[in-house]
Amino acid sequence: MSEVPVFAVVGHPNEGKSSVVSTLTEDDRVPISAVPGETRQCTPYAIKVDGETLVRFVDTPGFQMPLQTLRWMQQYGGPPETLVAEFIRTHQGDPRFSDDCELLRPVAKNAGIIYVVDGSRPLRPNDEAEMEILRLTGRPRMAVINSKANETAYLSEWKAAFAKTFNVNLQFNAHRATFKERIDLLQALQHIEQDWGAALARVVAALRDDWRGRLEACADAILQLLEKALRLSLSGTSEGEDPAARDQQRDKLIAAFQERLARYERDCRRDIRQRFLHNLFNADLAAETVAAQDLFSEETWEVLGLTRKQLSLALAGAGATLGAALDGAAAGLTFGVFTLGAGIAGGLAGWTGTRPLSRLKVDLGPFSRELGGCRIQVGPLRNPQLMFVLLDRALIYFQCASNWAHARREEAAINLPEGKKGVTAGWDGERRRLFEKYQHYLQKGYLDKAGELRPRLHQALMQAMEEDLG
């Protein structure tokens, strides 16, 4: 018996065998076609962690002659352990049985069996013949119901048939399966062959560790995005003293500022996508989702980030902190006027804070003969909504990429609830204030203090991502 468990994924043509292999191995290079019979050769795909192969799944052609194959096997009078090998030897030159011989080759080499059916259709005589063939092989076997439609009327019929033939059966939608459902299937495989139990338990443990590492890496990528975005500042010099030239340079810098932020987001998304081994998953979400729209679109800022009330409280808090510092500097002679005034001003600013470029710092310097023009600086964008919009977009992208089954080949899209559609508006005040403090430290240049917060921010992001995954 192979030290690495091997499972042949078999079934009737076009039942979703390749899809099951693709999702189980997180390999979107597995060919998937809506045309029956496209798979003609057995192809193994592996689950690997840190370069080590832990388990293999073999994609196989579908049964073509199940009734005739079963009839031959039922008439076979030799030793049971040579049944499959003798069938292949006898029929390998007959083109009518080429697919049946090919799909049974890994079984003849002691692979376990995963039998895949589309549970949204009724049971047919060919299915019963296929199940009996697999029973006669004597190999450990599990049945998987991979329903292509929402029809459930036939499930009880399938399960009753499986109970006669298979050690284990379960439902597994290869196009919607989550990480947990992949783990559930691998754990179920432990029960079909005792000798593979330890090896498959190791696979499950390794995948869980790997998954944890992916979340850690995604949290790092998101924090890196925030740090670069919140500190972003660009500067340039206009030509001459002409105010029009100065305004033109300012507008150019603002456009470059927005493009730079968009690039930071693309880099973060690429990191997340790579962590989940996606090659085909579309880099951008569907156009109708706010995470796919421009970062600075009005709709994005209206739908994501904090509510107006939350944003007002955030700005009021920041304003009050600044005011308290001024009151303190005046040794109490101002009777808290700065604290109160700055807090109110901050709160009022919150009502305009849903506008993308509100609170974008723009410094227009005077004409300098030495420079030959006016020095202009754009950024940072001090609106706390920027940070929460970035967080929401990153977490929405994470949610989609991490749950996107590798068998899915259509354009990515996610459905969001009505109203505020982001994640951060649902956070408790403590978690929001932690990130607000991070933004304050970064934009004030207190990098040591910001660095001290990173472990807590990392933990908060890990928690948020685990909540997203359920």
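Screening Asp118 against (1) at positive phi; (2) open to solvent by less than 20 Å² (accessible area, probe 1.4 Å) leaves a single unmet condition, (1). You will find that of Ile192, Ile222, the residue that is part of a helix (DSSP H, G or I) and either in contact (Cβ under 8 Å) with a residue 60 or more places away in the chain or within 28 Å of Asp392 (Cβ to Cβ) (or both) is Ile222 and no other.
For every residue, the table says whether it meets (1) at pLDDT 95 or above; (2) aromatic (Phe, Trp, Tyr); (3) open to solvent by less than 50 Å² (accessible area, probe 1.4 Å).
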site: Thr23; (1), (2), (3): yes, no, yes
site: Ala34; (1), (2), (3): no, no, no
site: Gly37; (1), (2), (3): no, no, yes
site: Cys42; (1), (2), (3): yes, no, yes
site: Asp50; (1), (2), (3): no, no, no
site: Asp59; (1), (2), (3): yes, no, yes
site: Gln64; (1), (2), (3): yes, no, no
site: Leu70; (1), (2), (3): yes, no, yes
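One line per residue, one yes/no per condition, for (1) within 30 Å of Ala205 (Cα to Cα); (2) not acidic (Asp, Glu):
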position: Gly16; (1), (2): yes, yes
position: Ser19; (1), (2): yes, yes
position: Ser22; (1), (2): yes, yes
position: Val35; (1), (2): no, yes
position: Cys42; (1), (2): yes, yes
position: Tyr45; (1), (2): yes, yes
position: Gly51; (1), (2): yes, yes
position: Tyr76; (1), (2): no, yes
position: Glu81; (1), (2): no, no
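Taking helices (runs of 4 or more DSSP H) as the structural unit, those lying wholly within the range 243-333 and holding at least 3 residues that are among the acidic types (Asp, Glu), modelled with pLDDT of 65 or more and surrounded by fewer than 19 Cβ atoms within 10 Å (Cβ to Cβ) correspond to 243-275, 298-303. Cβ-Cβ distances below 9 Å connect no pair with a first residue in the range 392-409 that is free of Cβ contacts under 8 Å to residues at least 40 places away in the same chain, a second residue that is buried (at least 21 other Cβ atoms within 10 Å of the Cβ), and a separation of six or more residues or different chains. The listed residues are Lys180, Lys228, and the only one of them that is basic (Lys, Arg), under 22 Å from Val378 (Cα atoms) and out of contact with any strand residue (DSSP E or B) (no Cβ under 6 Å at 6 or more places or on another chain) turns out to be Lys228.
Looking only at the range 162-203, which residues are within 18 Å of Leu54 (Cα to Cα) and of a type in the set (Gly, Ala, Ser)? Hits for the range 162-203 are Ala188, Gly197, Ala198, Ala199, Ala201.
Among residues of the range 121-137 that are free of Cβ contacts under 8 Å to residues at least 60 places away in the same chain, those with a Cβ under 6 angstrom from a residue that is open to solvent by less than 30 Å² (accessible area, probe 1.4 Å), sequence gap 6+ or separate chain, pair up as Leu123/Ala161; Met131/Thr165; Arg135/Thr165; Thr137/Val84; Thr137/Val107.
For the range 176-189, what are the residues that are touching a residue at least 60 places away in the same chain (Cβ under 8 Å), within 24 Å of the chain's Cα centre (by Cα) and open to solvent by less than 60 Å² (accessible area, probe 1.4 Å)? So that I can check it myself, show each step before the final result.
Within the range 176-189, the first condition is being touching a residue at least 60 places away in the same chain (Cβ under 8 Å), and the residues that meet it are 176-180, 182, 185-186, 189.
The next check asks that each one be within 24 Å of the chain's Cα centre (by Cα); those that pass are 176-180, 182, 185-186.
Ala177, Thr178, Phe179, Arg182, Leu185, Leu186 - these are the residues of the range 176-189 that are touching a residue at least 60 places away in the same chain (Cβ under 8 Å), within 24 Å of the chain's Cα centre (by Cα) and open to solvent by less than 60 Å² (accessible area, probe 1.4 Å).
A single member of Ser368, Ser358 is at pLDDT 80 or above and open to solvent by 10 Å² or more (accessible area, probe 1.4 Å), and it is Ser368.
Return yes when Gly451 is open to solvent by 20 Å² or more (accessible area, probe 1.4 Å), modelled with pLDDT of 90 or more and of a type in the set (Gly, Ala, Ser) and no when it is not. So Gly451 passes the test. As a summary of the residue check, Ile344 satisfies the conditions (1) modelled with pLDDT under 55; (2) within 30 Å of Ala407 (Cα to Cα) except for the one numbered (2).
The values are calculated or read from the model by the stated rules, or taken from the named source; none is laboratory data. The model shown is predicted, which means the values in this text are computed figures rather than measured ones. Counting neighbours? That spans all protein chains shown, and the Cβs are built from the backbone with ideal geometry, glycine included. When the accessible area is computed, the model is the full protein with side chains, heavy atoms only, and any ligands, DNA or RNA have been set aside. Shrake-Rupley method; radii C 1.70, N 1.55, O 1.52, S 1.80 Å.
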